[in-house]
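Structure first, commentary second.
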Amino acid sequence: MATNRSGLVCSMCGTHDSSANPVVKVLEGLNLCTDCIAYIDNARDTQLKRQPAKAKNKKEGNKIPKPKEIKEFLDKYVIGQDEAKKYLSVAVYNHYKRINQSDDDEVDIEKSNIILVGPTGTGKTLLAKTIARLLDVPFTIVDATVLTEAGYVGEDIESLLTRLLQTCDYDVEKAERGIVFIDEIDKIARKSDNPSITRDVSGEGVQQGLLKLLEGSVVLVPPNGGRKHPEQKMIAVNTKNILFICGGAFDGIERKIASRLNTHVVGYGHDESGRKKKRENLMKYVLPMDLKSFGLIPEIIGRLPILTSLDPLDREALRRILTEPKNSIIGQYKKLFELDGVKLEFTEEALDLIVDKAIEYKLGARGLRSIVETIMVDSMFEVPSLKKKEFKIDVDYVKEQLERAHFEKTSIKD
């Protein structure tokens, strides 16, 4: 048992001086034990950390990137999609202004969550990843396909915010000013127009659970994601100032848009070429009612007020994607070879053939990566062991590699 060695008693907690918890005389009439001194130090450090953070926020308000500056940054990495870039730039700019708004302002600006609709491989996720490079607020990308209702195998809806907390080292105040990109939002659409009268594993029930996150409420978040457990300590996060950007391919929604527009024209004198072009890019005519027909519930559509579409990539856009962006596909492979001291070159005809194959298989920008990887696998295997300083990819080499990988369409004869 510890004994009172010097007769001193802590003025804060009343602990007697001991070898386990020494008490020191700070001032005349003020004695403090080691534990109380540590407590005071921690309280001081916490206070000092908070003050610079607030000052930093005010300072950041003076250098908010303008919408045009945000779009110019996106243009360096993403080809085309000007309309989607414009919507994203404005939304992010307004989000910056909201988080820097004075607390005593009478006008409470509401957030405008966004939903991006477009075919696979058009750049929805790339736009989100690229904009994350520019932002000073916490940003994370999460996948809606793993979400289920409470009680089913999968992740709870609240675990969407776990990734956001992890990006800012569990600083709740910082996370509450962040941006979350929810990918594959179309995968949680209900499969029929009739509301489910039973619990569904993923669909209407998950959408209902997302409502409180999108609109803004205090949500209890599991710190490690996954499932919630009764013994697990939860973290309370207010989603009022968290901007949500949703993206989805919505495969098949064109039929619902075409049905609404009634694009089939009968009679003489109609513009067949104009009608064909309109039919090829129906996504740009998407409206909230089309999302409802696809399977999103009206409540969740109402909480995603900004709806914009991404254009299908034409041949010119795919050709530019190969070489123009800062992190272009061809540029990445050139860098890989450069690290081995080899200069890699592609002929114009070889690049054109790669684009033609991507269009043929309708895989979008992801198809370009898949095709180039197929072409390059043999050279990446052999060249590092050879003493070559240059390696050239021509159209014959591309055809040979695609045939070896069975990428070429061949007819099977009996």
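Any read-out appearing in this document is the output of simple, stated calculations on the displayed coordinates, not a laboratory observation. Remember, it's a predicted structure, so these values are computed and weren't measured experimentally. Heads up, the Cβs are rebuilt from the backbone with ideal geometry, glycines too, and the neighbour counts pull from every protein chain shown.
Under 5 Å between amide hydrogens, which residues at least 5 positions from Ser11 or on another chain qualify, with H placed 1.01 Å from N in the peptide plane?
Asn31, Leu32, Cys33
At Ala38 and Ala258, where each label point lies 7 Å from the Cα along Cα→Cβ, what is the point-to-point distance in nanometres?
With each label point 7 Å from Cα toward Cβ, the separation is 7.1 nm.
What is the calculated FRET efficiency for Gln101 to Asp251, with r their C-beta to C-beta distance and R₀ = 41 Å, to the nearest 0.05? Each step should come with its number before you reach the end.
Details: r = 39 Å, r/R0 = 0.95.
Taking R0 as 41 Å, the efficiency between Gln101 and Asp251 is 0.55.
I'd like the FRET efficiency for Asp82 and Asp45, computed as 1/(1 + (r/R0)^6) with the beta carbon distance as r and R0 of 45 Å, rounded to 0.05. Could you put the intermediate results ahead of the total?
On the way: r = 48 Å, r/R0 = 1.07.
It comes to 0.40.
Rounded, prolate or oblate: which fits the stretch 303-366 when a ≥ b ≥ c are the square roots of the eigenvalues of the alpha-carbon gyration tensor, with rounded for a/c under 1.5 and prolate only if a/b beats b/c? Write out the running numbers ahead of the final one.
Working: a/c = 3.32, a/b = 1.71, b/c = 1.94.
It is oblate, given that a/c is not under 1.5 and a/b is not larger than b/c.
Can you give the local net charge around Lys71? Use residues other than it whose beta-carbon is closer than 13 angstrom to its beta-carbon, Lys and Arg +1, Asp and Glu -1. Write out the running numbers ahead of the final one.
Working: positive: Lys66, Lys68, Lys76, Lys85, Lys86; negative: Glu69, Glu72, Asp75, Asp82, Glu83.
Value of the local net charge: 0.
At what distance in nm do the modelled label points of Asp394 and Asn281 sit from each other, each positioned 7 Å from its Cα along Cα→Cβ?
A separation of 3.7 nm, rounded to one decimal place.
Tabulate in residue order the Karplus-calculated ³J(HN,Hα) for the stretch 174-181, using 6.51 cos²θ - 1.76 cosθ + 1.60 with θ = phi - 60°, rounded to whole Hz; enter x for Gly and Pro.
With coefficients 6.51, -1.76 and 1.60, one gets 6, 5, 6, 10, x, 10, 10, 9 Hz.
How large is the translational diffusion coefficient of the stretch 272-401 in µm² per second when you combine the Kirkwood radius over alpha carbon pairs with Stokes-Einstein at 37 °C and 0.692 mPa s? Before the final figure, lay out the partial values.
Details: Rh = 17.5 Å.
Calculated translational D: 187 µm²/s.
Under the Kirkwood approximation applied to all pairs of distinct alpha-carbon atoms, what is the hydrodynamic radius of the stretch 101-185 in Å? Let's see the in-between values first.
On the way: mean 1/r = 0.0674 Å⁻¹.
So the Kirkwood estimate lands at 14.8 Å.
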